[in-house]
Amino acid sequence: MSAEINLTLKVWRQAGPSAEGRFVTYEADGISTDASFLEMLDIVNERLIEAGDEPIVFESDCREGICGTCGLMINGQAHGPQKGTATCQLHMRSFSDGDHIVIEPWRATSFPVLRDLAVDRRAMDAIIGAGGYISVNTGAAPDANLTPVPKETADTAFDAAACIGCGACVAACPNSAAQLFTAAKVQHLNLLPQGQAQRWARTEAMVETMEAFFGSCTNHGECEEACPKEIPIDFIAWTNRDYIKAKVKNRKLAG
Amino acid sequence: MLGSLDARIPAGSLDTKWTDHKFSMRLVNPNNKRRFDIIVVGSGLAGASAAASLGELGYRVKVLTYHDSPRRAHSIAAQGGINAAKNYQNDGDSVYRLFYDTIKGGDYRAREANVYRLAEVSVDIIDQATAQGVPFAREYGGLLDNRSFGGAQVSRTFYARGQTGQQLLLGAYSALMRQVAAGTVELHTRSEMLELVMHDGRAVGVVTRDLITGEIVSHSAHAVVLATGGYGNVYFLSTNAKMCNVTAAWRAHRKGALFANPCYTQIHPTCIPASDDFQSKLTLMSESLRNDGRIWVPLAHDDGRAPHEIPDADRDYFLERKYPAFGNLVPRDVASRNAKTVVDEGRGVGPLRNGVYLDFSGAMARDGEAVIRAKYGNLFDMYERITGEDPYTVPMRIYPATHYTMGGLWVDYELMSNVPGLFVMGEANFSDHGANRLGASALMQGLADGYFILPYTIGNYLSDYLGDPALGTSEPVFADAEQAVANEMSRWLSIGGTRSVDHYHRELGKLVWDYIGMARNKTGLEKALSEIPALREEYHRNVRVLGSADTLNQSLEKAGRVADLFELAELMARDALTREESCGGHFREEHQTTDGEAMRDDDNFTHVAAWEWNGEGTPQTRHREELEFENVELTQRSYK
Ligand SMILES: Cc1cc2nc3c(=O)[nH]c(=O)nc-3n(C[C@H](O)[C@H](O)[C@H](O)COP(=O)(O)OP(=O)(O)OC[C@H]3O[C@@H](n4cnc5c(N)ncnc54)[C@H](O)[C@@H]3O)c2cc1C
Ligand code: SF4
Ligand code: FES
């Protein structure tokens, strides 16, 4: 049943990439529990504008949990308290009247803050550019049913491919590693027959590009907890295994 | 002035036109390709696939997108699937049948030649995507699975759980990032195109604003390709991603590109009904749900009982009742209008009485909950997260919402607009869906345009300019365009009004929904033509945009986009008023059969309406492209 609740927000405000940031407190009264978390921020922003203050910058696009644009630290949790749920899909029924909510951007050296709650996540695109693809030029593909793929394999590849590139795994990781994100893409492609030709080159290049931008993974497992798509951490183990093999194979292939 | 519009459709029989045309088009040889600069605005399915393919061919490509990464375009949210005439199910599908279904589904308001080509290349898309690693659903034997979709009687839709758009976009994005890494494509994210730059009557570049720094930048090229998506957000509430807007297309329109059929908008029957005033967007529940869910409302008005307390005898499965052949799988416009009818009658369900039930209890009894969970699990979870109700035990509530826009910039057979050098692809053009798009056909069209059509046709245009360098950005036309953008920014910041951009966007949306929504009539459209300009005038006088132009300023970004939506809304009303017939998504209440079906006027309206900008304050001029049907006989659509 919907109800109205009053909240106190502590929001990170930062005027620009090189500006000093600080927390500002806002009272958010009369918020319907049917509103989404971002709609709650829309309401706060609307009130700020009416009062002549610049609205809080935060990003979103699909508001359906699929594009990976949104992403806030809510009371210290990436994407907030509801498991397997991106910020935009979180609803105010997860909160109670009188709650204090701390709202911050993703915190990681490789995700510089652009303004308030918006960060720059381009380093993730660089990881994909390093090998997160199958090299097949347009028009060069054989008939799609030429290579059957066992349903189980396709399903597991899909579980990895479901990553939305939000960066919550990085934000949640004590080392700010992007290992879950990287492993998800590596395994999506490494599992499929179509991805075999570039398996070893891909693994080495993507893992090393990840490490050039982000911290190293030391298996804390916080990423899996934070991931809105519940990407299993097993993919990291498989990627580590592929990486060791890749180091050997790539040397042999080169030699 | 423009003469009558010529789509430059090649001669010859329908099934060989494209092949013959590809053969007769002039080619740019591989070494010369690197002497051409091409700007692609947009990196959704259409933009990413085109940019990757052009990069592979050796062109120098520049991709501009206002997103922070090309992986995020609106395309990512497509759920249900993508059509292709593979006939893997051996159920009688063929290129001709897909062509026929699309023409008929579009209510005979699309070009035969374009649609046939679309059906033809559809099969290549599936091959390409599979080779890229797109994890389409498979059967136990390891081959690709299909499902059926509204408006078709064969199973030709390929899907990747409920995330087909995501997987296809990630495939195109990975191909694009491969080219970015290879240096053939230069990627500019968070860059919003705000001006099209013209020289000698041709498109020669664009001006963008960097959304982080506010820097205004000129980009020049031999050709400009817009793949900037649709304009569904003119309704404020729609299933489109929040950032979708018409600005790129509209700014091109203001420079002379014709805007075609703006009144053809599609309402999707299966969305979650709005719950309150703060609602920021509507969420689609994939139409594939109509394969297993049954749509009903109580027979009685204001029936207060919970759904499970209402016995079958007291339910009205209105689509099954009225359309026994297609039942719950009638096309979108038919399903939507019927839902509106029963809600308007006072038989709606839910707290605001603004929905109809979509009930899975029968399918779960038949196939078991596990099967339903495997097919639709993520959609059911999404529904529960939004509404707080469990669709495994309580029927879903759905209601139509704006979803797709068939109208867009006019293009010829080669996807070039009437402005030489300006190409338009994907949802941003008007070309293939006529007055109504069939489910799972937008992904197909975006990727057909991007992978398999534009990379050929653009060469035919470029070959004339071999050896000519792109115009330098130091030319006055660029400086003028930059100045126009700078002036626009200062104008927004200096208004100093009292209400936010979102406030006006929401108000505009209400007018457009009420007057140019699911059903239109003369009185309403005339009202729209007086109320929209009045609200627009207030907007320009009273909007409040705070902050400055040299930082990330989301209100400032939105200010220009909403201004363009205002102008578009007025054109939609004018287009809808002029089109004195009902067809597809355009339902004029004055033009219906005695049993409430859309009634076309083929004698007077078998044409595309393409509008020419005449400057601010002067209504656009309407041009026509006559549609010739040589292969298909025009019939009254009937899904009974
Ligand atoms: C919820 C939902 C579900 C859908 N499901 C299906 C389905 O199952 N099957 C199907 O076939 N279709 C479906 N559709 C429709 C389909 O997803 C879209 O029509 C299609 O993806 C549009 O692709 P596009 O490449 O043309 O545009 P978009 O994906 O909208 O991409 C537009 C691009 O242009 C850029 N851009 C726009 N303006 C500017 C500017 N001024 N400056 C710089 N960059 C700009 C954006 O950054 C973006 O990269 C669905 C749509 C919705 C809303
Ligand atoms: S792995 Fe999960 S948390 Fe990390 S980017 Fe992907 S979806 Fe986000
Ligand atoms: S806004 Fe798209 S995932 Fe949240």
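Descriptive notes on the structure:
- Any hit, the range A:87-108, residues being more than 14 Å from ligand 3 (Cβ to nearest atom), crowded, with 22+ Cβ neighbours inside 10 Å, in contact (Cβ under 8 Å) with a residue 60 or more places away in the chain and outside any loop (DSSP other than H, G, I, E, B): yes
- All positions within the range A:56-79 that are more than 8 Å from chain B (Cβ to nearest Cβ), among the aliphatic types (A, V, I, L, M) and crowded, with 24+ Cβ neighbours inside 10 Å: A:L72, A:A78
- Test: residue in the range B:375-386 that is in the same structural domain as B:V349 (by TED's automatic domain parsing), of a type in the set (A, V, I, L, M, F, W, C) and modelled with pLDDT of 95 or more: no
- Restricting B:I310, B:I372 to residues that are among the aliphatic types (A, V, I, L, M) and in contact with a helix residue (DSSP H, G or I) (Cβ under 6 Å, 6 or more places away or on another chain) narrows the list to B:I372.
- Taken over the range A:113-154, the criterion of being crowded, with 20+ Cβ neighbours inside 10 Å, within 8 Å of chain B (Cβ to nearest Cβ) and closer than 30 Å to A:Q14 by Cα is satisfied by A:L114, A:R115, A:A118, A:R121, A:M124, A:D125, A:I128.
- Qualifying residue in the range A:61-73 (condition: away from ligand 1 (no atom under 16 Å from the Cβ), assigned to a strand (DSSP E or B), in the same structural domain as A:S36 (by TED's automatic domain parsing) and hydrophobic (A, V, I, L, M, F, W, C)): yes
- Subset of the range B:306-339 (residues that are loosely packed, with under 12 Cβ neighbours inside 10 Å and modelled with pLDDT of 90 or more): B:A306, B:H308, B:E309, B:P311, B:D312, B:A313, B:R321, B:P324
- Subset of the range A:155-181 (residues that are under 17 Å from A:T239 (Cα atoms), more than 11 Å from every other protein chain (Cβ to nearest Cβ) and assigned to a loop (DSSP other than H, G, I, E, B)): A:A177, A:A178
- Residue match in the range A:80-96 (condition: charged (D, E, K, R) and away from ligand 1 (no atom under 16 Å from the Cβ)): yes
- The condition of being buried (at least 21 other Cβ atoms within 10 Å of the Cβ), in contact (Cβ under 8 Å) with a residue 60 or more places away in the chain and not assigned by TED's automatic domain parsing to the domain that holds A:G84 holds for only one of A:A157, A:A171, A:A183, that being A:A171.
- Test: residue in the range A:40-60 that is over 16 Å from A:D116 (Cα atoms), within 16 Å of ligand 3 (Cβ to nearest atom) and in a loop (DSSP other than H, G, I, E, B): no
- Of all residues in the range A:13-30 being of a type in the set (A, V, I, L, M, F, W, C) and part of a strand (DSSP E or B), the one that is nearest to A:A51 (Cα to Cα): A:A28
- Selection count, the range B:177-189, where residues are within 9 Å of another protein chain (Cβ to nearest Cβ) and under 25 Å from the mean Cα position of the chain (by Cα): 3
- Within the range B:55-77, the set of residues being at the interface with chain A (Cβ under 9 Å from one of its Cβ atoms) and more than 16 Å from ligand 2 (Cβ to nearest atom) comprises B:E56, B:L57, B:A73, B:H74.
- From the list A:M206, A:M210, the one residue that fits, being farther than 30 Å from B:G142 by Cα and surrounded by 16 or more Cβ atoms within 10 Å (Cβ to Cβ), is A:M210.
- Qualifying position, being within 11 Å of ligand 1 (Cβ to nearest atom) and surrounded by fewer than 24 Cβ atoms within 10 Å (Cβ to Cβ), among B:R147, B:R202: B:R147
- From the list B:S155, B:S218, the one residue that fits, being within 30 Å of B:N378 (Cβ to Cβ) and either more than 14 Å from chain A (Cβ to nearest Cβ) or of a type outside the set (A, V, I, L, M) (or both), is B:S155.
- Just one residue in the set B:S155, B:S148 is closer than 29 Å to A:A141 by Cα and out of contact with any helix residue (DSSP H, G or I) (no Cβ under 9 Å at 6 or more places or on another chain); that residue is B:S155.
- Conditions (1) under 29 Å from A:C227 (Cβ atoms); (2) away from ligand 1 (no atom under 16 Å from the Cβ); (3) within 12 Å of another protein chain (Cβ to nearest Cβ): number failed by A:D53: (1)
- Pair list, Cβ < 7 Å and 6+ apart or interchain, from the range B:251-272 residues that are on the phi > 0 side of the Ramachandran plot and outside the structural domain of B:S288 (by TED's automatic domain parsing) to residues that are buried (at least 24 other Cβ atoms within 10 Å of the Cβ) and assigned to a loop (DSSP other than H, G, I, E, B): B:N261/B:M406; B:N261/B:G407; B:N261/B:F430
- Subset of the range B:438-479 [within 15 Å of the chain's Cα centre (by Cα) and part of a loop (DSSP other than H, G, I, E, B)]: B:L438, B:G439, B:A440, B:S441
- Within the option set B:R156, B:R117, being under 24 Å from B:W18 (Cα atoms) and either in contact with a Ser or Thr (Cβ under 8 Å, 6 or more places away or on another chain) or in the same structural domain as B:L289 (by TED's automatic domain parsing) (or both) holds for one residue only, B:R156.
The values are calculated or read from the model by the stated rules, or taken from the named source; none is laboratory data. Bear in mind that the values here come from a model prediction, so they are computed numbers and not experimental data. Positions of Cβ are backbone-derived with ideal geometry, glycine not excepted, and every protein chain shown enters the neighbour counts.
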